[in-house]
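Data block below; observations after.
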Amino acid sequence: MKPPLLEITDLSVAYQTDTGPVMALRGANLVARAGEVIGIVGESGCGKSTLAAAVMNLLPATAKVTGGAVRFLGQDILTLAPQAQRALRGTAMAMIFQDPMTAFNPVLTIGDHLVDFQHQSRAPYRAKLARARDQLALVGLSDPDVILRRYPHQLSGGMRQRVAIAAALLMNPQVLVADEPTTALDVTTEAQILHLLRNLRQTYQGTIVVISHHLGVVAELCDRVYVMYAGQVVEQAMVDDLFHAARHPYTRALLACDPASFPNLTPVLPTIPGRLPDLRDPPKGCSFAPRCALRSARCTVAPPWAQVSPSHGVLCHEVGA
Amino acid sequence: MSLLDVQDLAVSLPLSLGLSGAFKPKTARRLEIFSDISFAVAAGETLGLVGESGSGKTTLARALLGLTPTQAGRITFDGRLRATQADFAQMRRTSAMMFQDAVASLSPRMTVGALLAEPLIIHGQAPRDLAAKVADMLHLVGLTADFAARYPHELSGGQARRVGVARALALNPKLVIADEPTAGLDVSVQGEILNLMRDLKTRLGLSYLIISHNLAMIRHVSDRIAVMYLGRLVEIGPTRAVFAQPLHPYAQSLIAAEPLPDPRKRRADLAISGEIPSLLHRPKGCVFQSRCPQAQALCRSDAPVLRALGPNRLVRCHFADPARLQED
């Protein structure tokens, strides 16, 4: 059997801070196959952006991988030489960032950017420019020749995010990581970008990893979803199972909190009592136990990963068994 | 009798056009942010103001408190017309603003205690035992008294919001204007802040004007909503009725564009195309005509007025059909 496009096993990452290491990721596992759209959801501080940075091998200098591996087509990319890592980025793997303004250099035109991003290709300049033009047309920008001559500040947020998507797809990467791709956009623009991403996947052969805190975005786009809490993956399921048959108490609480999820008006909105654990000193047992309604004596021991079905796994004592 | 009544309010800002601007007539040198804004907030009511970025929501909030000069219109608050800076200074004693970025709105060099005491001192209402008053204020928003010694950077996003709420309530206002009160908060924390605001509303008899682009949130907290597009109110009505049957094409597409947390309700088609035009290139006629799926020749020539369609519902559209209302 072919190895999956992307496979993360037992990945642990710690950030060095003045007050000691912060365990941002603690044994995260993820598999992404060709043609799949994977969602990673969780609230701030759960480790989803650290996971994305690890996939792209773009962890900041203060971060240290304390264990585990990130495999691209079976090869561990964390142990590659920096040069080999750079060769992968942009060609085999690409990223769409949250803020489409800061993703571009303000003194270069869009055309300059899109040609520059193809620096690893040996094609002549005009071929690169033509490719850039085709990509802009592909992402639904109606006047690609004009856009090529524009500077980033001359485009609206939605147009910039379209250009960012075109840029990410330029070298036809096999792994596309989108970190909060619509968070900085307005509702109607967000709908357009979601529509675009969904249309693109019909022709795109690789895998897309979408990171979002917005449950609606994940429900619209993804095939399979990982839910993260306090640096761990606590549940993994097909999108329909996750939204209609979630098992982990955190996932269920998170779904219940989203004001978009209840059709009737309620006088009191549900919340999750308590706070995230301090990841400088992560709890020995289940991280969610202090806030969990189902907790019992055995939750003081680290819960095992349990498959409730071949495609649905959960990190919990109470619902896994 | 409404607490806040706004009639035909308009704000425009001067544009610097450089040398070429000097040759243009004076009227062309101003950028219209919004105009023809009329609405009311009743005592004890929550009005939700929704719209996308650039629609003029935040400028409207500032204008209501006299923080941005207006070019036309009348603001009546608590039975008195507010026109001069003195009027607004008096108004700001009984109305308060919760600013969009909770952490940035708290001075990093002041403790939470000093930040909470500041409005009392400025308005000359500091009691003799200021520390006890600050502790009471912290208690009101669910924080312990020891928070008074902390600095803003030591607060989490949710705690900073709570301090923002406490600060807004310092002078016992009648009206609180909350600009994106939950932006940047996680969903589980968002609920806490909204529940707190709702609880304080009933306990203290407050009225709210909540400004947000988050439709799902605004739907649960507002009695009525007003939808704003490119500096115009395009629809106002009771929240439940507007969400059940939006009448303005923009309100319809806005509600239809919201991604739902249910993969079984994925949207196959696009509710709306294009993007909100620049204020510099405001469309002629109806502001929404450049994106409206139902736009006709009339929409491109004549601007529609806000007209009553059904009970308590106002819509700014030539073709919005009141017959649709009678179906249910």
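Among the residues in segment B:240-247, are any within 11 Å of another protein chain (Cβ to nearest Cβ) and without any contact (Cβ under 8 Å) to a residue 12 or more places away in the chain? Within segment B:240-247, one or more residues are within 11 Å of another protein chain (Cβ to nearest Cβ) and without any contact (Cβ under 8 Å) to a residue 12 or more places away in the chain.
Among the residues of this structure, residue B:183 does not count as one that is crowded, with 24+ Cβ neighbours inside 10 Å and touching a residue at least 60 places away in the same chain (Cβ under 8 Å).
The condition (being free of Cβ contacts under 8 Å to residues at least 40 places away in the same chain and more than 13 Å from every other protein chain (Cβ to nearest Cβ)) is satisfied by just one residue among B:308, B:268: B:308.
Assuming residue A:115 fulfils every condition listed in (1) β-branched (Val, Ile, Thr); (2) in contact with a Pro (Cβ under 9 Å, 6 or more places away or on another chain); (3) away from chain B (no Cβ under 14 Å); (4) surrounded by 19 or more Cβ atoms within 10 Å (Cβ to Cβ) apart from one, which condition is it? Status for residue A:115: all satisfied but (2). Scanning segment B:278-294 for residues that are surrounded by fewer than 19 Cβ atoms within 10 Å (Cβ to Cβ) and in contact with a Gly (Cβ under 9 Å, 6 or more places away or on another chain), which turns out farthest from the other protein chains (Cβ to nearest Cβ)? Taking the candidates together, the pick is B:282. Report yes if some residue within segment A:15-31 is over 28 Å from residue B:157 (Cα atoms) and either in a loop (DSSP other than H, G, I, E, B) or over 16 Å from the mean Cα position of the chain (by Cα) (or both); otherwise report no. No. Taking the numbered list (1) buried (at least 18 other Cβ atoms within 10 Å of the Cβ); (2) more than 19 Å from the chain's Cα centre (by Cα) in turn, residue B:89 passes all entries but (1). Within segment A:32-59, the set of residues being assigned to a strand (DSSP E or B) and aliphatic (A, V, I, L, M) comprises A:32, A:37, A:38, A:40, A:41. Answer with yes or no whether residue A:254 is modelled with pLDDT of 85 or more, touching a strand residue (DSSP E or B) at 6+ places or on another chain (Cβ under 8 Å) and closer than 23 Å to residue B:259 by Cβ. Criteria met by residue A:254. Take the conditions (1) within 14 Å of another protein chain (Cβ to nearest Cβ); (2) modelled with pLDDT of 95 or more; (3) surrounded by 22 or more Cβ atoms within 10 Å (Cβ to Cβ); (4) touching a helix residue (DSSP H, G or I) at 6+ places or on another chain (Cβ under 8 Å); residue A:235 misses just one of them, which is (1). In segment B:1-113, counting only strands (runs of 3 or more DSSP E) that sit wholly within it, the ones holding 2 or more residues that are without any contact (Cβ under 8 Å) to a residue 60 or more places away in the chain span B:2-14, B:30-42, B:80-82.
Here the condition is being under 24 Å from residue A:12 (Cβ atoms), within 14 Å of another protein chain (Cβ to nearest Cβ) and touching a Phe, Trp or Tyr at 6+ places or on another chain (Cβ under 8 Å); of A:175, A:227, it holds for A:227 alone. Scanning segment B:125-156 for residues that are in contact with a Gly (Cβ under 9 Å, 6 or more places away or on another chain), of a type outside the set (D, E, K, R) and farther than 25 Å from residue B:202 by Cβ, we see that the one that is surrounded by the most Cβ atoms within 10 Å (Cβ to Cβ) is B:148. Inclusion of residue A:66 among residues that are part of a loop (DSSP other than H, G, I, E, B) and either of a type in the set (Ser, Thr, Tyr) or surrounded by fewer than 19 Cβ atoms within 10 Å (Cβ to Cβ) (or both) is not warranted. So which residues in segment A:194-210 are touching a residue at least 60 places away in the same chain (Cβ under 8 Å), within 14 Å of another protein chain (Cβ to nearest Cβ) and in a loop (DSSP other than H, G, I, E, B)? A:201 - this is the single residue of segment A:194-210 that is touching a residue at least 60 places away in the same chain (Cβ under 8 Å), within 14 Å of another protein chain (Cβ to nearest Cβ) and in a loop (DSSP other than H, G, I, E, B).
A residue that is in a loop (DSSP other than H, G, I, E, B) and either surrounded by fewer than 22 Cβ atoms within 10 Å (Cβ to Cβ) or acidic (Asp, Glu) (or both) cannot be found anywhere in segment A:157-166. Taking segment A:179-193 as the range and being within 12 Å of chain B (Cβ to nearest Cβ) and not in a loop (DSSP other than H, G, I, E, B) as the test, the residues that pass are A:187, A:188, A:189, A:190, A:191, A:192, A:193.
The values are calculated or read from the model by the stated rules, or taken from the named source; none is laboratory data. Here the structure is a predicted model, which means the values were calculated and not measured. All Cβ positions, even for glycine, are placed from backbone atoms using ideal geometry, and neighbour counts span all protein chains on display.
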